[in-house]
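Asks: Dumping the structure here so I can ask a few things about it.
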Amino acid sequence: MGDPVTQAGAPALTLRQRAVAAFRRFLVLFLYLWALFALFVLNEEALARSQGSPVVLQGFALLNALVLAKVMLVAEHFDFSRGLRRRPRVYAVLFDAALCTALFMVFHIAERVVAGKLRGESLSASMPSFGGGGLAGVLIVSAIAFVSLLPFFTFKHVSRAVGPDRMKAILLAPPDTSAGDERPSPSHAL
């Protein structure tokens with residue numbers, strides 16, 4: 001009968017191929033988030049050093065990246081921005097970044113509350129203080145997370161639009177100087 005094919009005519013992926021592809025996506029998410037959270041921790045550490053406070057451990061950045069990469073994979077599976085596919089891609093990018101920012105905030109609160117409960121703290125004592133506390137702190141941290149996620153989701157949606165093979169060629173292959181695409185023309189510049 002031959003290999004099963006998908007609706008687009010491409011061969012269907014085996015379970016192993018799908019698992020490897022999912023692991024690669026997870027690894028990319030994890031590494032991006034780890035770098036992001038490690039920078040947040042370094043920022044906190046710099047502030048703590050300037051005030052004489054103890055150094056914040058990088059382990060929290062690693063743990064948060066692992067947990068939140070899985071959260072992002074689950075959110076990606078549900079494809080919450082699919083209703084925006086007929087609109088310009090920027091809407092899906094903004095929506096995905098906002099959704100993941102909200103998910104990160106919720107999971108950060110849950111993580112701190114659970115850790116506080118395990119230490120025997122009350123609910124109010126275990127609530128995290130974002131950006132120095134209050135609504136302004138929550139808005140500041142949310143804005144930082146949102147803006148930090150924009151490049152990731154822009155890359156994801158552009159890659160989806162041009163195809164993963166073309167995106168690899170654009171990023172990893174040397175430019176074809178004979179075709180003159182070494183530099184974009186001014187009309188194509190942002």
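Each reported figure results from applying straightforward, stated rules to the coordinates on display, with no laboratory input. Quick caveat: nothing in here was measured; it's all calculated off a predicted structure. Positions of Cβ are generated from backbone atoms using ideal geometry, with glycine treated the same way; all protein chains shown enter the neighbour counts.
Asks: So between Ser122 and Phe155, what do we pick up on full extension, going 0.36 nm a residue minus the alpha carbon distance? Present the calculation step by step, with values, prior to reporting the outcome.
Replies: Values: separation 33, 0.36 × 33 = 11.88 nm, distance 4.16 nm.
Result: 7.7 nm gained on full extension.
Asks: Which order do peptides 140-150, 165-175 fall in by mean Cβ count within 10 Å, highest first?
Replies: 140-150, 165-175
Asks: Right, next: Tell me, Phe78, Phe152 in order of fewest to most beta-carbon neighbours within 10 Å?
Replies: The fewest-first ordering by Cβ neighbours comes to Phe78, Phe152.
Asks: Straight-line reach from Lys156: which lysines have a Cα under 20 Å away, not including same-chain ones fewer than 8 places off?
Replies: Lys70, Lys168
Asks: What FRET efficiency, computed as 1/(1 + (r/R0)^6) with R0 = 22 Å and r the Cβ-Cβ distance, is obtained for Val71 and Asp165, rounded to the nearest 0.05?
Replies: About 0.20, to the nearest 0.05.
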